[in-house]
Amino acid sequence: MQADLHMHSTASDGGYSPAKLMEKCKEAGLHIVALTDHDTTNGVKEAQAAGKQLNLTVIPGIELSTKWKGKSVHMLGYGVNIEDAAFQEVLEGQRQMRNKRMEVMLERLQGAGVTLQEEDVLRYVDGGSVGRPHVAKALIDRGYVKEVSEAFDKYLGEGKPAYVSKAKEFTPEEAISLIHKAGGLAVVAHPGYYGLDEDIEKWVHQSGLDGVEIEHRDHDPEERKHYEKLTSKLEKETNKTLLRTGGSDFHHEEYGRKKEPLGVTTISGEKAEILLRAIEKRHSSQTSG
Ligand code: AMP
Ligand code: FE
Ligand code: FE
Ligand code: ZN
């Protein structure tokens, strides 16, 4: 049994609809998957319906963008209640902020001699969570760049002419709390991107961070070992079982930093089942008071 607990659909910046993405997961030989779109759960229902047809277990998930010490830190939420009105209200606010940010990005691009219309970008946005990859696709369509990665290198990456930081960003601790309040478990995504180990320790000890994404497309074997060790150390210190998750962070075969297809970075079904059981436990403890 194979699982992939990190992927994106057209509800955020992925290239496939939730249903199509689930078909692709099935073809890639996966059994348990989690849809983790940026700042939205709008793709979850469709993914779960498709998963049911395909005999694929689909965990409702999300990836919240946060900022900490000037770094963009992503927090994964698993087993969140997508009907939670307060949670959805917060997400809607983030999406509105993303829309305004996109308008500023287009102005900055104009300043850099690049003309894009809002429609050029919005045609790629299905679930309302607009991000830089959508702008990158529009730049390709208009012939300014050949690839998504080139769009980031030339225009959209941090420090590049059209980079716009998000007006309001959560701290990682706020994101953990939001995920918990929505009934989910919080896992820090691809920690190898930030190197904030001391902060991760603090989030586990003080904010109830539930786990670490150890296997990730962009983690090399050394980093995987490192985060496994860190997680084990934290388990001893807290006397608590932490989650060890992993996944492809798949967006599309052509859009990723690495052009990795589905089914390459996976974790064992056993590890995913630990998450499934932890979600069940969290939900039953919440309903029983
Ligand atoms: P945003 O949330 O709008 O700031 O966009 C962040 C998203 O852009 C990430 O989730 C990735 O999907 C994508 N991304 C960031 N850097 C790169 C890169 N160098 N190449 C391709 N995609 C990238
Ligand atoms: Fe993304
Ligand atoms: Fe991420
Ligand atoms: Zn992701």
Cross-link pairs beyond the 29 Å C-alpha cut-off, checked among Lys52/Lys146; Lys26/Lys154; Lys52/Lys100; Lys45/Lys168; Lys181/Lys271: Lys52/Lys146; Lys26/Lys154; Lys52/Lys100
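Ratio of alpha-carbon Rg to the 2.2 N^0.38 Å globular estimate for the chain, to two decimals, please. Please report the intermediate quantities before stating the final value.
Numbers: Rg = 18.4 Å, N = 289, 2.2 N^0.38 = 18.9 Å.
That works out to 0.97 for the chain.
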In degrees, nearest ten, helix 269-287 long axis to first principal axis of the chain (Cα): 80 degrees
Alpha-carbon centroid distance for the pair the stretch 207-263 / the stretch 83-137, whole angstrom: 28 Å
Most mobile listed residue (Met97, Met22, Met75) in the chain, GNM with C-alpha springs under 10 Å: Met97
Peptides 187-197, 1-11 ordered by average Cβ neighbours within 10 Å, highest first: 1-11, 187-197
Sorted peptide list for 221-229, 233-241, 177-185, criterion being average Cβ within 10 angstrom, highest first: 177-185, 221-229, 233-241
Helix 85-111 axis, angle to the chain major axis (alpha carbon atoms, nearest 10°): 30 degrees
Accessible area of the stretch 60-112 belonging to carbon and sulfur atoms, whole % at 1.4 Å probe: 51 percent
Convex hull per residue volume in Å³, alpha carbons only, for the stretch 43-159: 137 Å³
Rule-of-thumb Rg ratio for the stretch 119-215 [Cα; 2.2 N^0.38 Å; N residues]: 1.36
Residue-averaged 222 nm ellipticity for the chain, from DSSP H runs of 4+ at -39500 (n - 2.57), nearest 500: -13500 deg cm²/dmol
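Which peptide among 160-168, 262-270, 242-250 comes first, and what is the full order, when sorted by highest mean count of other Cβ atoms within 10 Å? The partial results should precede the final answer.
Details: 160-168: 14.7, 262-270: 17.3, 242-250: 25.0.
The peptides rank, most packed first, as 242-250, 262-270, 160-168.
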Fraction of accessible area attributable to carbon and sulfur, the stretch 183-289 (%, probe 1.4 Å): 49 percent
Folded to 0 to 90 degrees: helix 172-181 orientation relative to the chain principal axis, Cα: 60 degrees
Estimated inter-spin distance, Thr238 and Tyr163, nm [label 7 Å along Cα→Cβ]: 3.1 nm
The stretch 17-134, relative contact order in percent, only Cα pairs under 8 angstrom and at least six apart counted: 21 percent
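What relative contact order, as a whole-number percentage, does the chain give when Cα pairs under 8 Å and 6 or more residues apart are counted? Mind showing how you got there, number by number?
Details: 551 pairs, mean separation 64.4, N = 289.
RCO, the chain: 22 percent.
The values are calculated or read from the model by the stated rules, or taken from the named source; none is laboratory data. Worth saying up front: this structure is predicted, and the values here are computed from it rather than measured. Note that we place each Cβ from the backbone using ideal geometry, even for glycine, and neighbour counts take in every protein chain shown. Please note that ligands, DNA and RNA were not included when accessible areas were found on the heavy atoms of the full protein model with its side chains. Shrake-Rupley method; radii C 1.70, N 1.55, O 1.52, S 1.80 Å.
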